[in-house]
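Enquirer: Here's a structure for you.
The values are calculated or read from the model by the stated rules, or taken from the named source; none is laboratory data. Source: prediction; values computed, not measured. When we count neighbours, we look across all protein chains shown, and the Cβ atoms used for this are built from the backbone with ideal geometry, even at glycine.
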Amino acid sequence: MSFMPLLIDFSAKHVVVIGGGKIAERRVKTLLQYISHLDIVSPHLTETLAYYNKQGFVTWHAKKYELTDINNADFIVIATDNITVNNEIKEQAPAHALVNMSSEANSGNAMFPAIIQRGKLSIGISTSGASPKLTADIVKQLKAQYTEDYGAYVDFLYEYRQTVKQLNVSEKKKNQLLSEVLADEYKNPAQQQKALSWLKSQI
């Protein structure tokens with residue numbers, strides 16, 4: 001199976017996690033960065049998942065898995081410690097659903113990449129299970145290159161681009177303006193404000 005990197009808006013989707021252990025906890029932590037709520041089906045929860053349930057971030061169905069738990073799911077994360085059960089759930093998943101198999105990533109039709117998030121900048125890294133250590137090494141390198149404050153720079157680029165769109169100039173000139181602010185000097189907040197002020201004066 002060949003996996004295509006793709007950004008998806010899950011904010012209005014029904015997400016179900018089967019399992020309440022440490023693996024499920026890692027998946028839920030990632031998912032809650034992008035959605036406000038999801039369902040967990042498991043007889044037991046880790047302390048962290050129990051906290052999420054108490055805070056209303058997740059709905060906990062304190063029981064063993066049943067087919068009806070995934071009938072309307074758009075994304076199913078299978079994270080139990082029983083391989084037989086995991087395979088059973090995968091086989092019963094609705095045809096329309098994305099399925100992540102935490103025990104064997106290549107068995108599902110969706111994977112969790114390692115993610116670096118810097119505001120509007122999203123970077124996903126995966127070796128499709130070939131070498132998690134290589135993935136971790138690449139993540140380390142990219143985090144050093146794109147530090148926490150990089151999100152503010154991307155926000156500036158977004159605002160600058162939206163303003164450029166309003167200018168009554170040629171497409172060539174617009175592209176020139178957008179290319180110019182990729183220079184390192186525009187990572188300086190003062191330079192960003194100066195550039196935006198000048199640009200807005202041209203509208």
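Enquirer: Out of Gly129, Gly108, Gly119, which single residue is in the same structural domain as Met4 (by TED's automatic domain parsing), in contact (Cβ under 8 Å) with a residue 24 or more places away in the chain and of a type in the set (Gly, Ala, Ser)?
Expert: Checking each option against the conditions leaves just Gly108.
Enquirer: With at pLDDT 95 or above, surrounded by 12 or more Cβ atoms within 10 Å (Cβ to Cβ), β-branched (Val, Ile, Thr) and under 23 Å from Gln193 (Cα atoms) as the only criterion, which of Thr135, Thr163, Thr147 stands out?
Expert: From the options Thr135, Thr163, Thr147, the qualifying one is Thr163.
Enquirer: Let me ask you something else. Is it true that some residue in the stretch 114-123 is basic (Lys, Arg) and farther than 24 Å from Lys22 by Cβ?
Expert: Yes, that holds for at least one residue.
Enquirer: Here's a check for you: in the stretch 6-25, which residue that is in contact with a strand residue (DSSP E or B) (Cβ under 9 Å, 6 or more places away or on another chain) and assigned to a loop (DSSP other than H, G, I, E, B) is farthest from Ala97 (Cα to Cα)?
Expert: Only one residue tops the list, namely Gly20.
Enquirer: Residue check: is Ala50 of a type in the set (A, V, I, L, M), surrounded by 14 or more Cβ atoms within 10 Å (Cβ to Cβ) and in contact (Cβ under 8 Å) with a residue 24 or more places away in the chain?
Expert: no
Enquirer: Taking the stretch 73-93 as the region of interest, how many residues are at pLDDT below 95 and within 21 Å of Tyr34 (Cβ to Cβ)?
Expert: 0
Enquirer: Does Asp184 fit the bill of being surrounded by 12 or more Cβ atoms within 10 Å (Cβ to Cβ) and of a type in the set (D, E, K, R)?
Expert: It is false that Asp184 is surrounded by 12 or more Cβ atoms within 10 Å (Cβ to Cβ) and of a type in the set (D, E, K, R).
Enquirer: For the stretch 124-203, which fully contained helices (runs of 4 or more DSSP H) count at least 3 residues that are closer than 27 Å to Leu7 by Cβ?
Expert: Ranges flagged: 132-145, 150-164, 171-180.
Enquirer: Does the stretch 12-43 hold any residues that are surrounded by 19 or more Cβ atoms within 10 Å (Cβ to Cβ), among the hydrophobic types (A, V, I, L, M, F, W, C) and under 15 Å from the mean Cα position of the chain (by Cα), and which are they?
Expert: Within the stretch 12-43, Val15, Val28, Leu31, Leu38 meet the criteria.
Enquirer: Of everything in the stretch 26-56, what is within 24 Å of Thr68 (Cβ to Cβ), assigned to a helix (DSSP H, G or I) and not small (Gly, Ala, Ser)? Give them in sequence order.
Expert: Arg27, Val28, Leu31, Leu49, Tyr52, Asn53, listed by residue number.
Enquirer: Which of the residues that make up the stretch 59-110 are assigned to a helix (DSSP H, G or I) and of a type in the set (S, T, N, Q)?
Expert: Scanning the stretch 59-110 gives Thr68, Thr84, Asn86, Asn87, Gln92, Asn106, Ser107.
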